[in-house]
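First the structure, in the form of structure tokens, and then the observations on it.
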Amino acid sequence: MTDAITVRNLKKEFKAYSSRSGLKGAFRDLLTRNYKIVPAVNNISFQVKQGEMVGYIGENGAGKSTTIKMLTGILTPTSGEVIVNGMNPHKDREKFVRTIGVVFGQRSQLWWDIAVQESFRLLKKVYKVTDEQYDSHMSHVIKTLDIEPLLDKPVRKLSLGQRMRCELAAALIHNPPLLFLDEPTIGLDVLVKLKIREFLKEINDKYNTTILLTTHDLSDIEALCERVVMLDEGKIIYDGALKSLKEKWGEGKEIEFQFLEDVTLNDLNRITASSEVKWEKDEKKAIFTAFAEDNDELISLLIAKVVADLKVKDIDIKETSTEEIIRNIYDRGIS
Amino acid sequence: MDKYIEMIRIRFLMMLAYRTNYYTGILIYSINIGAYYFLWSAIYGEKDAIEGMSVIQMSTYVAVAWMARAFYFNNIDREMAAEIKEGKVAVELIRPYNYLGMKTMQGLGEGIFRLFFFSVPGMVIVSFIFPLQFSADWTTWIFFAVSIVLSFFINTQINLLTGITTFFLFNNTGLIRAKRVVIDLFSGLLIPISFFPLWAQDVLKYLPFQGISYVPSMIFTNSFSNNEAIQAIIMQGIWVLILIIPIQVLWIIAKKQLIIQGG
Ligand SMILES: Nc1ncnc2c1ncn2[C@@H]1O[C@H](COP(=O)(O)OP(=O)(O)OP(=O)(O)O)[C@@H](O)[C@H]1O
Ligand SMILES: [Mg+2]
């Protein structure tokens with residue numbers, strides 16, 4: 001197996017200019033400007049194999065987009081090494097960019113004022129896609145993404161979700177072996193999201209396309225990626241299977257109780273005093289939640305105790321969601 | 001090559017999408033031609049010729065200079081500035097084409113569109129209203145055709161240069177506006193270069209601007225001898241070659257220190 005992406009000690013620093021305050025400060029700014037060097041991406045290394053789908057996550061400003069810009073070769077790294085599809089993204093630009101597809105969720109790569117199919121036609125020429133290749137590949141893409149009825153509309157008249165599906169199709173015209181998606185599902189409704197996920201899975205299956213995806217919607221990652229790379233302040237703080245992230249950081253279970261009688265937190269604390277449990281009450285819905293370590297023995301004991309003392313209407317055992325795990329990591333750091 | 005031709009076609013479509021701009025353009029150009037025609041007629045008064053140009057040559061000069069402007073003029077500097085400021089240039093840089101080449105083609109698409117749907121019909125209409133003189137000599141027409149293509153390239157190259165400065169200056173709206181005024185004035189669009197004071201003519205000789213409007217218009221009005229025309233066209237060609245150098249240098253520097261705006 002060859003690596004689609006190899007990154008070694010990659011670093012990107014930005015100069016962040018700060019303005020001095022007041023009129024005097026403004027004049028001084030004219031002469032010399034204060035700046036701080038901010039590392040947006042700080043010495044990261046990772047590899048992605050051909051055919052992998054990797055979720056690249058992190059808080060706002062963690063450095064995800066900056067990394068993608070370096071991997072696609074539109075930003076020059078301050079230091080470090082990048083090899084993508086066996087090439088240096090900065091050398092041999094034309095050959096390199098033919099082997100990647102990119103979707104930037106926040107900006108359009110289609111021409112705003114002309115019909116979608118005209119953009120497609122231009123891209124087909126730009127990437128030198130033959131008619132046969134185009135017909136066999138794109139007719140399928142167009143059908144799966146359900147954009148046939150949008151093709152003759154100018155991009156500016158499309159809704160966000162409609163446009164995003166077209167963007168995705170546009171990024172795939174040359175059927176690249178590697179796809180970078182920077183927040184492709186931003187602002188989309190559930191149905192469109194599902195459609196896009198299904199589609200990504202399909203092309204990954206069919207063509208063994210490597211996909212590197214950033215998103216703030218963790219359900220995207222759960223649906224698509226076995227592996228996640230987590231970034232915090234420019235550093236990789238986790239790189240591995242999504243499952244082990246859950247096992248490692250999933251802090252126990254939550255058991256939700258609803259009772260037939262009036263119960264107070266005090267009662268519950270008294271009943272379960274002997275075990276390590278934390279109770280919380282959702283005032284509105286009268287749901288009591290017990291947070292306990294993920295230990296089957298302990299949990300069954302806990303339930304037994306509660307059921308023995310109180311009349312229970314409903315019990316629901318939940319694993320901590322990925323969302324919660326990630327939130328905890330963002331909040332407290334990984335250590 | 002295919003992709004560049006396709007880009008010209010796309011630009012055509014975009015121009016069609018914004019037809020209203022195009023109608024207001026016709027109006028503005030007609031007003032300009034009319035105003036300069038009357039201005040020059042007043043200046044000439046009873047005189048037969050000034051600086052070797054007759055009234056008829058002058059009105060032809062005015063008309064053809066404006067109609068040629070419709071062909072060579074484009075806003076790609078402003079477009080580039082916007083694309084760079086909004087970070088859209090990121091998308092352009094992940095395409096397997098030369099960004100500057102594509103921009104030039106967009107300008108050309110726009111130019112060809114205006115040539116056929118604006119300049120040619122406009123010239124016919126203007127020739128009914130004002131007394132103009134068209135050359136019967138086919139060499140004049142060939143010289144003019146070559147010259148105007150070179151005008152397009154010189155003007156577009158200057159636009160590319162101005163556009164690239166956005167990478168360094170970030171806010172270059174003022175520069176773009178200043179460039180426009182300089183070109184309209186020093187290219188000979190408003191006043192033929194031969195009407196400038198001698199010292200100014202000497203300076204302008206060493207600048208690329210007269211290759212944009214003065215040369216093709218002088219050729220069109222038969223104010224140049226064949227020899228002068230050939231020399232002027234060669235000068236235009238040399239300028240096209242010279243201007244490639246600063247563009248490439250700035251472009252390489254710009255790409256190195258490029259920072260894409262926005263997430
Ligand atoms: N052009 C720039 N100049 C200065 N600093 C920048 C620039 N672009 C990004 N940064 C800084 O680099 C850091 C990383 O930004 P980046 O856009 O990569 O974040 P991100 O992980 O994509 O965040 P988000 O989830 O919000 O998209 C931020 O702190 C940002 O302020
Ligand atoms: Mg981002």
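Filter the stretch B:140-170 down to the residues that are over 28 Å from B:G34 (Cα atoms) and either within 22 Å of the chain's Cα centre (by Cα) or not in a helix (DSSP H, G or I) (or both) and list them by number.
At the first step, the residues of the stretch B:140-170 found to be over 28 Å from B:G34 (Cα atoms) are B:157-158, B:160-170.
Selection gives B:Q157, B:I158, B:L160, B:L161, B:T162, B:G163, B:I164, B:T165, B:T166, B:F170.
Each residue in the stretch A:158-188 was checked for being charged (D, E, K, R) and away from every other protein chain (no Cβ under 11 Å), and 2 of them qualify.
In the stretch A:56-70, which residue that is part of a helix (DSSP H, G or I) and within 10 Å of ligand 2 (Cβ to nearest atom) is nearest to A:I44 (Cα to Cα)? Lay out the reasoning, then the answer.
In the first step, residues of the stretch A:56-70 are kept if they are part of a helix (DSSP H, G or I); the result is A:64-70.
Remaining after also requiring within 10 Å of ligand 2 (Cβ to nearest atom): A:64-69.
Numbers: A:K64: 11, A:S65: 14, A:T66: 12, A:T67: 9, A:I68: 13, A:K69: 14 Å.
Step by step, filter the stretch A:56-70, then rank; the result is A:T67.
Within the stretch B:23-44, the set of residues being open to solvent by 80 Å² or more (accessible area, probe 1.4 Å) and either among the hydroxyl-bearing types (S, T, Y) or touching a Pro at 6+ places or on another chain (Cβ under 9 Å) (or both) comprises B:Y23 only.
Every condition in (1) in contact with a Lys or Arg (Cβ under 7 Å, 6 or more places away or on another chain); (2) modelled with pLDDT of 95 or more; (3) not charged (D, E, K, R) holds for B:Q261 except the one numbered (2). All of A:E323, A:E319 fail the test of being modelled with pLDDT under 80, closer than 30 Å to A:I221 by Cβ, touching a Leu at 6+ places or on another chain (Cβ under 7 Å) and open to solvent by 30 Å² or more (accessible area, probe 1.4 Å), apart from A:E323.
Quick one: is B:Y99 within 14 Å of chain A (Cβ to nearest Cβ) and open to solvent by less than 10 Å² (accessible area, probe 1.4 Å)? Spell out how you get there, then give the answer.
Values: within 14 Å of chain A (Cβ to nearest Cβ): yes; open to solvent by less than 10 Å² (accessible area, probe 1.4 Å): yes.
The answer is yes for B:Y99.
Going residue by residue through the stretch A:101-121, is there one that turns out to be touching a residue at least 60 places away in the same chain (Cβ under 8 Å), over 28 Å from B:W251 (Cα atoms) and within 12 Å of chain B (Cβ to nearest Cβ)? First the steps, then the outcome.
Our first condition is that a residue be touching a residue at least 60 places away in the same chain (Cβ under 8 Å); within the stretch A:101-121, this holds for A:101-106, A:109-110.
Next, only the ones that are over 28 Å from B:W251 (Cα atoms) stay: none.
Checked the stretch A:101-121: no residue is touching a residue at least 60 places away in the same chain (Cβ under 8 Å), over 28 Å from B:W251 (Cα atoms) and within 12 Å of chain B (Cβ to nearest Cβ).
Just checking, does the stretch A:188-201 include any residue being within 13 Å of ligand 1 (Cβ to nearest atom), at negative phi and surrounded by 19 or more Cβ atoms within 10 Å (Cβ to Cβ)? It would help to see each step written out before you state the result.
Going through the stretch A:188-201, the residues within 13 Å of ligand 1 (Cβ to nearest atom) turn out to be none.
There is no residue in the stretch A:188-201 that is within 13 Å of ligand 1 (Cβ to nearest atom), at negative phi and surrounded by 19 or more Cβ atoms within 10 Å (Cβ to Cβ).
In the set A:A308, A:A304, A:A273, only one residue is assigned to a loop (DSSP other than H, G, I, E, B) and open to solvent by 50 Å² or more (accessible area, probe 1.4 Å); that residue is A:A273. Just so you know, in the stretch B:224-236 the residues that are open to solvent by 20 Å² or more (accessible area, probe 1.4 Å) and in contact with a helix residue (DSSP H, G or I) (Cβ under 6 Å, 6 or more places away or on another chain) include one that is nearest to B:F168 (Cα to Cα), and it is B:I233.
Screening A:K235 against (1) surrounded by fewer than 19 Cβ atoms within 10 Å (Cβ to Cβ); (2) within 16 Å of ligand 1 (Cβ to nearest atom); (3) under 14 Å from the mean Cα position of the chain (by Cα) leaves a single unmet condition, (3). Among the residues of the stretch B:45-75, the ones that are surrounded by fewer than 21 Cβ atoms within 10 Å (Cβ to Cβ) and in contact with a helix residue (DSSP H, G or I) (Cβ under 6 Å, 6 or more places away or on another chain) come to 2 in all.
Residue count for the stretch A:240-273 satisfying the condition of being without any contact (Cβ under 8 Å) to a residue 12 or more places away in the chain and more than 21 Å from A:I326 (Cα to Cα): 6.
In the stretch A:312-330, the residues that are over 20 Å from A:K243 (Cβ atoms) and not assigned by TED's automatic domain parsing to the domain that holds A:G234 reach residues that are open to solvent by 70 Å² or more (accessible area, probe 1.4 Å) and assigned to a helix (DSSP H, G or I) with C-beta atoms within less than 9 angstrom, at least six apart or across chains, in these pairs: A:I315/A:V307. Pairs linking a residue in the stretch B:206-227 that is over 17 Å from B:V240 (Cβ atoms) and outside any helix (DSSP H, G or I) to a residue that is open to solvent by 40 Å² or more (accessible area, probe 1.4 Å) and modelled with pLDDT under 90, with Cβ atoms under 8 Å and 6 or more positions apart or on different chains, are B:T221/B:Q133; B:N222/B:Q133; B:N222/B:D137; B:S223/B:G52.
Do we have any residue at all in the stretch A:258-268 that's surrounded by 16 or more Cβ atoms within 10 Å (Cβ to Cβ) and in contact with a Leu (Cβ under 7 Å, 6 or more places away or on another chain)? Scanning the stretch A:258-268 turns up at least one residue that is surrounded by 16 or more Cβ atoms within 10 Å (Cβ to Cβ) and in contact with a Leu (Cβ under 7 Å, 6 or more places away or on another chain).
Within the span defined as the stretch A:23-46, one or more residues are touching a Lys or Arg at 6+ places or on another chain (Cβ under 6 Å), part of a helix (DSSP H, G or I) and more than 16 Å from ligand 2 (Cβ to nearest atom).
Listed here are the residues, each with its yes/no results for (1) over 30 Å from A:N60 (Cα atoms); (2) of a type in the set (G, A, S); (3) assigned by TED's automatic domain parsing to the domain that holds A:E94.
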site: A:D131; (1), (2), (3): yes, no, yes
site: A:H137; (1), (2), (3): yes, no, yes
site: A:S159; (1), (2), (3): no, yes, yes
site: A:E183; (1), (2), (3): no, no, yes
site: A:L188; (1), (2), (3): no, no, yes
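Here A:G73 does not fit the description of being within 13 Å of another protein chain (Cβ to nearest Cβ), within 16 Å of ligand 2 (Cβ to nearest atom), of a type outside the set (V, I, T) and more than 30 Å from A:K24 (Cα to Cα). Residues that are away from ligand 1 (no atom under 16 Å from the Cβ), in contact (Cβ under 8 Å) with a residue 24 or more places away in the chain and open to solvent by less than 30 Å² (accessible area, probe 1.4 Å) within the stretch A:43-98 comprise A:V48, A:G51, A:M53, A:V84, A:V97, listed in sequence order. Can you confirm whether A:L213 is open to solvent by less than 20 Å² (accessible area, probe 1.4 Å) and within 16 Å of ligand 1 (Cβ to nearest atom)? Spelling it out, A:L213 is indeed open to solvent by less than 20 Å² (accessible area, probe 1.4 Å) and within 16 Å of ligand 1 (Cβ to nearest atom).
The values are calculated or read from the model by the stated rules, or taken from the named source; none is laboratory data. Predicted model, so just to flag it, every value in this text is computed and none were measured. Quick reminder, even Gly has a Cβ in these numbers, built from the backbone with ideal geometry, and neighbours come from all protein chains shown. Accessible surface is based on the protein model in full, side chains and every heavy atom, while ligands, DNA and RNA are left aside. Shrake-Rupley method; radii C 1.70, N 1.55, O 1.52, S 1.80 Å.
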